[in-house]
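Step one of this worksheet: look at the structure below.
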Amino acid sequence: GKFDENILKYLCRYFSAGIDEMISVWKAAHGFKLDVKDYEERILAQTVFTEEIYPEVYDVFYSYYEEGTNKKLIQAFLKMTAYKYLVKDLDIPDEIFEYFYREVRTQENMPCLIAVLKHLSQKETLTDDEKIFADYNINVLYDKDIVFPFFKDFYGKFSLPIHIVDEHYVEYKANPEYEVKIHYMVSSGEDSTEYITETMQDVYEGIRVKSFILFQDEHLEYYITESRPEGEVTTEKSSIFFDETMD
């Protein structure tokens, strides 16, 4: 039968359950064009608290964003989503990057900034505004010694700092509390060397990056170890070879 609007208002105010059930109630109330801003705020707050992101929660966010009064909650939701995209490889809707873009053009927000840059790096062509934005912010991050491998994907779209173009980057993601070391050797021809061990730099929230400059006919071989409470984890060996035919 037809839902009574007063019942829906009651549910939207007092319904206490998991986020998926809360979203179901929100959909029903939204369909009746009820004022559900308080309930949307509650859904987003619980999402940030539990860090559980259901696909439908983005629709709740879009609805709340335009008229929502809790700007700190909006910023927290965007930061969490950007973090999960960068560190946990969360698949997020393209529309969310527009909100990241709006956020970083008005205030400092490092995870959203990095997420926007990574998203832009995957586009074949950029608008003039996007080029200016990416060019400026990559140089700012580079000056702070914050460099990600995807920066190289902007090659040919605008001028990059020369060292970014010349270097090869190895990336590894781990809990920021864990120690991560890279063991590598660079050889040329028949020459062989012993492995060198270095702690990988934590560039952002557990994303570790190590850069290398390789010359003609040099061969890089490496593996990574991660120290966890339950013991050490070792990756398989990887190798990179550079010659003059490579782009």
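Structure notes:
- Residue selected from segment 126-159 under the condition outside any helix (DSSP H, G or I) and hydroxyl-bearing (Ser, Thr, Tyr), by the criterion nearest to Ser211 (Cα to Cα): Tyr155
- Any hit, segment 46-57, residues being more than 16 Å from Gln107 (Cβ to Cβ), in contact with a helix residue (DSSP H, G or I) (Cβ under 7 Å, 6 or more places away or on another chain) and aromatic (Phe, Trp, Tyr): yes
- Residue pairs meeting the criteria (Cβ under 8 Å; at least 6 apart or on separate chains; first farther than 16 Å from Tyr178 by Cα and outside any strand (DSSP E or B), in segment 216-239; second open to solvent by less than 60 Å² (accessible area, probe 1.4 Å) and of a type outside the set (Phe, Trp, Tyr)): Gln216/Asp243; Asp217/Ser188; Asp217/Asp243; Lys237/Glu221
- Any hit, segment 202-214, residues being of a type in the set (S, T, N, Q), open to solvent by less than 80 Å² (accessible area, probe 1.4 Å) and out of contact with any Lys or Arg (no Cβ under 9 Å at 6 or more places or on another chain): yes
- Condition met for Tyr155 (open to solvent by 70 Å² or more (accessible area, probe 1.4 Å) and of a type in the set (Ser, Thr, Tyr)): yes
- Matching residues in segment 106-121 - criterion: being closer than 25 Å to Gly156 by Cβ and at pLDDT below 95: none
- Test: residue in segment 62-84 that is more than 20 Å from Gln107 (Cα to Cα), open to solvent by 40 Å² or more (accessible area, probe 1.4 Å) and more than 16 Å from the chain's Cα centre (by Cα): no
- In segment 158-185, the residues that are open to solvent by 50 Å² or more (accessible area, probe 1.4 Å), within 30 Å of Gly231 (Cα to Cα) and in contact (Cβ under 8 Å) with a residue 24 or more places away in the chain: His168, Glu171, Lys173, Asn175, Pro176, Tyr178, Glu179, Lys181
- Of all the listed residues (Thr193, Thr199), the sole one being more than 17 Å from Phe151 (Cβ to Cβ), at pLDDT below 95, among the β-branched types (Val, Ile, Thr) and in contact with a strand residue (DSSP E or B) (Cβ under 8 Å, 6 or more places away or on another chain) is Thr193.
- For Lys123, the conditions (1) out of contact with any Phe, Trp or Tyr (no Cβ under 8 Å at 6 or more places or on another chain); (2) assigned to a helix (DSSP H, G or I); (3) more than 22 Å from Tyr204 (Cα to Cα) all hold with the exception of (2).
- Test result for Ile96, β-branched (Val, Ile, Thr), open to solvent by less than 20 Å² (accessible area, probe 1.4 Å) and more than 18 Å from Thr50 (Cβ to Cβ): yes
The values are calculated or read from the model by the stated rules, or taken from the named source; none is laboratory data. These numbers come from a predicted model, not from an experiment. Here Cβ is always computed from backbone atoms with ideal geometry, including for glycine, and neighbour counts include all displayed protein chains. When the accessible area is computed, the model is the full protein with side chains, heavy atoms only, and any ligands, DNA or RNA have been set aside. Shrake-Rupley method; radii C 1.70, N 1.55, O 1.52, S 1.80 Å.
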